[in-house]
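The values are calculated or read from the model by the stated rules, or taken from the named source; none is laboratory data. The shown structure was predicted, so the numbers you read here are calculated from the model rather than taken from an experiment. Because the Cβ atoms are built from the backbone with ideal geometry, glycine has one as well, and the counts that use them run over all protein chains shown. Ligands, DNA and RNA are stripped out before the accessible areas are found, and what is left, the full protein with its side chains, is counted by its heavy atoms. Shrake-Rupley method; radii C 1.70, N 1.55, O 1.52, S 1.80 Å.
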Amino acid sequence: PDPRAVFPPYIRWMLSEPMAAGLLQNARLRRFFHRLFKPKAPFYPDLYRFIGQYITPFVTPETVAMEIGPGGGRWTRYLLNARSIILVDIVPQFYDYIKGRFPEAAHKISFYESSGSELGGIEAGSVDYLLTFDAFVHIEPPGIREYLLEIQRVLKPGATAIIHYGDIGKAEAQRPERNFAPMTAQLMDEFAAGLSQLSIVLHDRNFLLHSNLIVFKKTG
């Protein structure tokens, strides 16, 4: 989401997206702005808490970061502090757009065109931090299971993976226009149990009305 959506147009034009996101990561300011401006656009305060809790602390100038399903770079912008960024997608047309959107970081962004649920071109044990947001909501459960095995392979020991996925057990996820894959929290737990080198740090089943968040750490 564009963090400026909480503000009315006469304020929004003065704020850059990073500036607005920075303001909204403060819980008290977030509540204040929301009550003051009463935005009509969809507003998810927890997503700004998510940035501050699950992205910013992990992405440093020493980090090798990977994002699966970057699309147009909505979440990629929060990874730009990393030493290098590997973007994985099955749609290579996004890549030129992302390079143009973040020209200052183009030198440290590389791309891998996956043929499906595979990361075969990524070296084992090479990634410090992995993020995927909104992509897994459309991937069938067998594909998610295959991706998890690949994520386990490419992460370094001690690395963290942040995975957002849809939960068809929630009414909001069942809306036809969402076109969510039939994934559930129970299935995710079953898949996680088969990962010998990934331990669950958090499995938040209340993250959003239609989706969940799971955080893995790779053991030594």
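Tabulated values for the structure
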{"item": "Residues of the stretch 38-79 satisfying the condition of being at pLDDT 85 or above, touching a helix residue (DSSP H, G or I) at 6+ places or on another chain (Cβ under 8 Å) and part of a helix (DSSP H, G or I)", "result": "I51, I55, T76, R77, Y78, L79"}
{"item": "Residue match in the stretch 191-205 (condition: within 20 Å of W75 (Cα to Cα) and crowded, with 19+ Cβ neighbours inside 10 Å)", "result": "no"}
{"item": "Residue in the stretch 96-105 that is open to solvent by less than 10 Å² (accessible area, probe 1.4 Å), under 22 Å from L79 (Cα atoms) and over 17 Å from the mean Cα position of the chain (by Cα) present", "result": "yes"}
{"item": "From I214, I168, residue being under 16 Å from the mean Cα position of the chain (by Cα) and crowded, with 17+ Cβ neighbours inside 10 Å", "result": "I214"}
{"item": "Qualifying residue in the stretch 174-185 (condition: open to solvent by 10 Å² or more (accessible area, probe 1.4 Å), β-branched (V, I, T), closer than 25 Å to I51 by Cβ and free of Cβ contacts under 8 Å to residues at least 24 places away in the same chain)", "result": "no"}
{"item": "Single match in F207, F180 (criterion: at pLDDT below 95, touching a helix residue (DSSP H, G or I) at 6+ places or on another chain (Cβ under 8 Å) and hydrophobic (A, V, I, L, M, F, W, C))", "result": "F207"}
{"item": "Residue match in the stretch 153-164 (condition: in contact with a strand residue (DSSP E or B) (Cβ under 7 Å, 6 or more places away or on another chain) and over 19 Å from A193 (Cα atoms))", "result": "yes"}
